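Values in this text are rule-based calculations from the coordinates and carry no lab data. Not measured: the values here are computed from a predicted model. Cβ coordinates were reconstructed from backbone atoms using ideal geometry, including for glycine residues, and neighbour counts include every protein chain displayed.
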Amino acid sequence: MLLTQWPVYLLKNKFNWSQTSEVLETSEVFRVELPDVFLIGHKMELRTKDFNLWYDKSSNIIYFEGSLRLNGDNEYAPVLDLLTQVLELNKSEFNWNVRDLEFLNSSGLNMFYKFVISVRKKGNINMSVCGNRKVAWQDRSLNNLKKFLPTLNLSVD
């Protein structure tokens with residue numbers, strides 16, 4: 001079931017995402033596969049053929065899996081929106097599990113870093129990230145998150 005209160009992302013041209021809640025004629029825009037937002041029970045989810053990102057409300061954890069190879073802030077907007085929505089639901093605790101995220105490009109890392117900075121600016125939020133030392137990018141890049149949020153609880157096994 002597509003969430004109606006979530007923004008719909010539309011590709012106006014091949015490089016520009018826009019966010020809308022208005023009804024548009026199909027000739028005006030193209031709906032793209034990046035990502036669909038679902039609410040299944042206590043789970044919010046972004047899903048594409050390359051990655052899956054979901055929030056499990058019962059455990060208060062956002063899970064990342066697959067490969068995030070999006071280009072720039074515009075394409076990462078749906079991911080950032082889900083993270084922001086979850087942060088608004090739980091203003092005191094925020095948890096990520098990236099153990100199954102095999103690849104994250106530099107645009108994704110920048111989005112992670114900017115988001116963690118926004119968490120620091122809000123203050124009084126306990127954030128934890130669980131990673132996987134066997135995934136090449138995670139050991140070094142996840143440790144850099146602590147530079148932006150010194151109180152981050154990081155576990156890379």
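On the first, second and third principal axes, largest extent first, how far apart are the outermost C-alpha atoms of the stretch 36-156 in Å?
33, 30, 26
Using a 10 Å cut-off around each Cβ, can you sort 98, 156 from fewest to most neighbouring Cβ atoms?
With the sparsest Cβ surroundings first, the list reads 156, 98.
If Lys and Arg each add +1 and Asp and Glu each add -1, what is the summed charge of the other residues whose beta carbon sits under 12 Å from the beta carbon of residue 65?
Counting the neighbours of residue 65, the net charge comes to -2.
How much length is gained if the chain between residue 133 and residue 155 is pulled fully straight, taking 0.36 nm per residue apart and subtracting their Cα-Cα distance, in nm to one decimal?
Extra length from residue 133 to residue 155 when fully extended: 7.0 nm.
Test of understanding: extend the Cα→C-beta vector of residue 84 to 7 Å, then name every residue of the stretch 115-157 with backbone N under 16 Å from that spot.
What the label zone holds, given the 16 Å backbone N cut-off, is 115-122.
Sort 62, 117, 125 by Cβ crowding within 10 Å, fewest neighbours at the top.
In order of increasing Cβ crowding within 10 Å: 117, 125, 62.
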